[in-house]
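Notes follow once the structure below has been shown.
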Amino acid sequence: MNELLNTINHFFEQVPDRLRQHRLVGWLVFIVLTGLVASSVGRLQIDMSMEAFFQEDEPAKQAYDRFKSLFGGDENVYIVYKAKDGDIFSATSLQALQGIQEDLLNYRLYLKPGQSSPLDHVTDVKTLINVKYMEAKEGTLLSRDFIGNQLPQTDKEKERLRQQALAHPDYPLLYFSNNSQYGGILIKTDFNAVVEEGEENLNNKSGASLDEEELLDDEEDASFELSDDNLEQGLSFEEEFLPKFKKAEMQDYAPFVQALDNILSKPEYTNVLEFYPVGNPILMAFFNDIIMTEMSLIIIGSLVLVTGILWLLFRSFSAVIWPVLIVILSIVWVIGLIGWSGIAMTQMVQIIVFLVLAVGIADAVHILSGYLFFRNQNQDHETALRSVFKKSGLACFLTSVTTSIGLLALIFVPIVPLQTFGMFAAVGVFSAFVFTVFLLPLMLDLWSPFSKKRAQRIATLQGKDHIIQKILKKFDSLSLRYPVPVIGVFFLTGGILLYGALQIRVDSNIVEIIKETTPIRKTYDLVDRFMGGVGNMEILVDTQRIDGLKDPLVLNAMEDLQNYIEAKHQKIVAKTSSLVNVTKDSFKTLNEGREEMYIIPQDPHILEQTLFLFNNANPKDRRQLVSDNYRMGRIGINLKNLGSQQGMVFISDVQSHMDELFAPLRTTYPNLEVTITGQLSLMAMMAEYISWSQIKSFGLALVVISLLLLVVFGSKRIGLVAVLPNIFPVITIFGIMGYLDIPLDVDTLLIAPITIGIAVDDTIHFLTHYRLEMQKHGDMQKAIIHAFREAGQAIAFTSLILSIGFLIFIFSIHQGLSNFGIFSAIAIMTALLADLFLLPSMCVVFNAQFSQENRHLT
């Protein structure tokens, strides 16, 4: 091992001279490669959808895709509007609502032939004007628009209309609030639900919704389903047909939302109504805008901050320009590689950008500091470069390795954005290291920060300590005089924080990651308060038998489940809907509207006739509830906005009761499948992954880094001493989060692996200096004091730069990123304290002395 380390040291020592011999080729290769990579920067894709967090073969995602193939997407826009006259049933309010509906449905009348529009994503629009209302005439069912063109002209007509709407079980809290001050416009879209080319036939065969013009009777519908032979062979839906869907890009949402806003902002509508749009397309457009804006601000702000700090440290333009250029190049490379790969990123790309900036600056500062140190020792330019690369090259390499290990541990987390973050963040860290080692020497050959004037200025300041050094000297002997009490304080604090860490909860909420002060967050709160909420969960019932949902027993089980959900969870569930609802409404309408007939017909023949009449009256709505061959149906659940923790409790309860209700049916339907899916289900699944992923990623990073330290320092005792101070920062941040009831989510999940990766850097630098001083003096006390003063100052500088830099995220609208910045800064400063006080105290107590054979390593 010693021979290997010496070989690596020698390699880094020779790097500047070898690069200088081939500098023209080196610059040419670098410029060409950078141009190629930079050309892919514009291909960066951002995807904040819930589906983006799962692998394609993840069962939860497959169930969701299966649902979409049958009933279309659930990425709807829900526009809640408030009547300025206080009554959405007034003629003025309804006239404005009618105009909005017509603009949304008839926008193509104003386009040229073949011209596309962002509104092409709209598949359906439902309001109080056109929502279907069932009536019976001469023994058959008729479906008409609830209001249509018959706007109320008198107060009596208005009240009659209001009472009809209130009496309908499916209208309240979806199309109007209980106080009639708010109304709702439901806009269905095809985002992430458009079948890719070549998959359309599979989609039709699977029983998905057909175009409105393709209205077929029941017998014809059956031809679009799985055959009886396939059913007898036990082939499931997933085994035969699972079409792929075109992925909506983040930038697709913004023009769509803008097109909606262009309609809603017309004076004839804004003078009458106030609008509060919510839904996934609204959120995605919002995230797309702030990601681009905040990324620019974070990069510019970080560069300004770093430029100021570099100037304060070195007072040299070249010492500012070269590190900043290396950081910019590293960022361009990592974003270019992401774009070239075609892998979509989430808002975590901002963290990658800053992480690369922080690591790149840290590496460059170490090299520049060492270079200036040796120049001040009267070494010439070439010799100084060789000296600093021999001394710092290996240290920078090891710190890049440990940081990358902490990041790469995220690859084993079954959450796609975390995997891609870990992979590309590690690439970014190593890009910064490569540019520092192989490009900075060529830069310094062109323009060096050292000059005779600078040397004279430094000479006049000899004997004057930096303020950080003055502070360090006041505490350099603390660990020597009181090692046991110092360790005791850290362990006592760690024990208290560990208890808090055990109280931490896992919770993700795509709405609540937006800060409460933002208008969109207030809009969601308003929708939850006055309407039925915008959350949804779906239950897919697959009888595995054609006409299975024409069986009264199946519908009875679905009705019992809906009643249980609405009664047990009435605080979060606004309503449920399924084939059961329209069956009961149709049967009641066919029986003179008598309330006692709002039931499921228990005679199979009467039930089949009722469903037949409903399908004839309203085939479009029927296809939103059950497949064409009545094999599969859905139960839609409208919910208030829930976090993943509350969602998991809700799903667990529904699943348990669902299994109990459908168990008796398995005698008749042995292959019956009843599956919970939808956005809430995916979010709850992600939360479950997060809880285990945190343990796995942190544990893996800790084990690998511990083994690396053990090998590098050649001692189990040194390895133990090196590891414990790096656990303390992680316990600290999770302990504080636990006590403050700040949940662990996808963003804060990143803190542990990043923290341990960066914190180990400080430990390596301290122990490296400590080892060299032990080699030089053979005295532990002198070695600790010298390491405390020399390495401590560098560690303090980098910790301050990183912590201040991470605090830039405080200004993010994204609450998750804001929390990430705050706790990362706390973790880095805690790591600084642990390395300056806990680490030397443990060296004293455990008598951590490097073996004689290791002392010659540099």
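Is it fair to say residue 771 is surrounded by fewer than 24 Cβ atoms within 10 Å (Cβ to Cβ), modelled with pLDDT of 75 or more, under 26 Å from residue 308 (Cβ atoms) and out of contact with any strand residue (DSSP E or B) (no Cβ under 9 Å at 6 or more places or on another chain)? For residue 771, the condition - surrounded by fewer than 24 Cβ atoms within 10 Å (Cβ to Cβ), modelled with pLDDT of 75 or more, under 26 Å from residue 308 (Cβ atoms) and out of contact with any strand residue (DSSP E or B) (no Cβ under 9 Å at 6 or more places or on another chain) - is not met. When 596, 608 are screened for being within 18 Å of residue 541 (Cβ to Cβ), out of contact with any strand residue (DSSP E or B) (no Cβ under 6 Å at 6 or more places or on another chain) and not in a strand (DSSP E or B), only 608 passes.
Among residues of segment 581-601 that are of a type in the set (Phe, Trp, Tyr), those with a beta-carbon under 7 Å from a residue that is in a loop (DSSP other than H, G, I, E, B) and crowded, with 19+ Cβ neighbours inside 10 Å at least six positions away or on a different chain give the pairs 587/601. Of everything in segment 617-643 that's farther than 24 Å from residue 190 by Cβ and in contact with a strand residue (DSSP E or B) (Cβ under 7 Å, 6 or more places away or on another chain), which residue is most open to solvent (accessible area, probe 1.4 Å)? Here the answer is 640. Take residue 186 and tell me if it is open to solvent by less than 70 Å² (accessible area, probe 1.4 Å) and under 26 Å from residue 66 (Cα atoms). Answer is yes for this residue.
So which residues in segment 538-560 are open to solvent by less than 20 Å² (accessible area, probe 1.4 Å) and in a helix (DSSP H, G or I), if there are any at all? The answer is 548, 549, 552, 554, 555, 557, 558. Scanning segment 40-66 for residues that are closer than 30 Å to residue 435 by Cβ and open to solvent by 80 Å² or more (accessible area, probe 1.4 Å) gives a single hit, 43.
Pairing each residue of segment 8-31 that is farther than 15 Å from residue 444 by Cα with any residue that is of a type in the set (Phe, Trp, Tyr), provided the two are 6+ apart or on different chains, yields C-beta distances under 8 Å for 8/397; 12/389; 12/397; 13/389.
Residue-wise test of (1) of a type in the set (A, V, I, L, M, F, W, C); (2) touching a strand residue (DSSP E or B) at 6+ places or on another chain (Cβ under 8 Å); (3) farther than 30 Å from residue 54 by Cβ.
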{"position": "351", "(1), (2), (3)": "yes, no, no"}
{"position": "369", "(1), (2), (3)": "no, no, yes"}
{"position": "381", "(1), (2), (3)": "no, no, yes"}
{"position": "386", "(1), (2), (3)": "no, no, yes"}
{"position": "401", "(1), (2), (3)": "yes, no, yes"}
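Counting only residues that are touching a Pro at 6+ places or on another chain (Cβ under 7 Å) and among the β-branched types (Val, Ile, Thr), how many does segment 319-364 have? Here the count works out to 2. Among the residues of segment 774-792, those that are crowded, with 18+ Cβ neighbours inside 10 Å, touching a residue at least 60 places away in the same chain (Cβ under 8 Å) and within 46 Å of the chain's Cα centre (by Cα) comprise 784, 785, 788, 792.
Residue by residue, here is whether (1) touching an Asp or Glu at 6+ places or on another chain (Cβ under 7 Å); (2) among the basic types (Lys, Arg); (3) open to solvent by less than 50 Å² (accessible area, probe 1.4 Å) holds:
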| position | (1), (2), (3) |
| --- | --- |
| 254 | yes, no, yes |
| 264 | no, no, yes |
| 267 | no, no, no |
| 297 | no, no, no |
| 301 | no, no, yes |
| 310 | no, no, yes |
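For segment 487-535, filtering for residues that are outside any helix (DSSP H, G or I), open to solvent by 30 Å² or more (accessible area, probe 1.4 Å) and of a type outside the set (Val, Ile, Thr) leaves 5.
Of all residues assigned to segment 339-358, none qualifies as being surrounded by fewer than 21 Cβ atoms within 10 Å (Cβ to Cβ) and more than 22 Å from residue 421 (Cα to Cα).
Do the conditions hold for residue 793, that is, is it in a helix (DSSP H, G or I) and in contact with a Lys or Arg (Cβ under 6 Å, 6 or more places away or on another chain)? It is false that residue 793 is in a helix (DSSP H, G or I) and in contact with a Lys or Arg (Cβ under 6 Å, 6 or more places away or on another chain).
Applying the criterion of being polar (S, T, N, Q) and either touching a Ser or Thr at 6+ places or on another chain (Cβ under 9 Å) or closer than 20 Å to residue 631 by Cβ (or both) to the residues of segment 654-678, the residue that is most open to solvent (accessible area, probe 1.4 Å) is 667. The helices (runs of 4 or more DSSP H) located wholly in segment 367-452 that include 2 or more residues which are over 27 Å from the mean Cα position of the chain (by Cα) and under 24 Å from residue 828 (Cβ atoms) occupy 381-408, 416-438.
Out of all the residues in segment 47-63, is one or more among the hydroxyl-bearing types (Ser, Thr, Tyr) and within 30 Å of residue 676 (Cβ to Cβ)? Yes; the residues of segment 47-63 include at least one that is among the hydroxyl-bearing types (Ser, Thr, Tyr) and within 30 Å of residue 676 (Cβ to Cβ). Pairs linking a residue in segment 810-833 that is under 16 Å from residue 760 (Cβ atoms) to a residue that is not in a helix (DSSP H, G or I), with Cβ atoms under 7 Å and 6 or more positions apart or on different chains, do not occur. Can you find a residue in segment 616-629 that is part of a helix (DSSP H, G or I), hydrophobic (A, V, I, L, M, F, W, C) and in contact (Cβ under 8 Å) with a residue 60 or more places away in the chain? Scanning segment 616-629 turns up at least one residue that is part of a helix (DSSP H, G or I), hydrophobic (A, V, I, L, M, F, W, C) and in contact (Cβ under 8 Å) with a residue 60 or more places away in the chain.
Can you confirm whether segment 569-587 contains a residue that is more than 41 Å from the chain's Cα centre (by Cα), among the polar types (S, T, N, Q) and open to solvent by 10 Å² or more (accessible area, probe 1.4 Å)? No; the residues of segment 569-587 include none that is more than 41 Å from the chain's Cα centre (by Cα), among the polar types (S, T, N, Q) and open to solvent by 10 Å² or more (accessible area, probe 1.4 Å). Would you mind finding the one in 61, 82 that is at pLDDT 90 or above and of a type in the set (D, E, K, R)? Exactly one of 61, 82 is at pLDDT 90 or above and of a type in the set (D, E, K, R), namely 82. Within the option set 13, 3, being modelled with pLDDT of 85 or more, in a helix (DSSP H, G or I) and open to solvent by 40 Å² or more (accessible area, probe 1.4 Å) holds for one residue only, 13.
Looking across segment 91-114, the residues that are among the charged types (D, E, K, R) and open to solvent by 80 Å² or more (accessible area, probe 1.4 Å) come down to 102, 108, 112.
All conditions in (1) within 39 Å of the chain's Cα centre (by Cα); (2) open to solvent by less than 40 Å² (accessible area, probe 1.4 Å) hold for residue 32, with the sole exception of (2). A search for C-beta distances below 6 Å between a residue of segment 142-169 that is of a type outside the set (Ser, Thr, Tyr) and any residue that is in a strand (DSSP E or B) and surrounded by fewer than 16 Cβ atoms within 10 Å (Cβ to Cβ), counting only pairs 6+ apart in sequence or on different chains, returns 142/135. From the list 431, 387, 392, the lone residue that is touching a His at 6+ places or on another chain (Cβ under 6 Å), over 26 Å from residue 510 (Cα atoms), open to solvent by 10 Å² or more (accessible area, probe 1.4 Å) and not acidic (Asp, Glu) is 392.
The values are calculated or read from the model by the stated rules, or taken from the named source; none is laboratory data. Values in this document were obtained by computation on a predicted structure and should not be read as measured data. Cβ coordinates were reconstructed from backbone atoms using ideal geometry, including for glycine residues, and neighbour counts include every protein chain displayed. All accessible areas refer to the heavy atoms of the entire protein, side chains included, with ligands and DNA or RNA removed. Shrake-Rupley method; radii C 1.70, N 1.55, O 1.52, S 1.80 Å.
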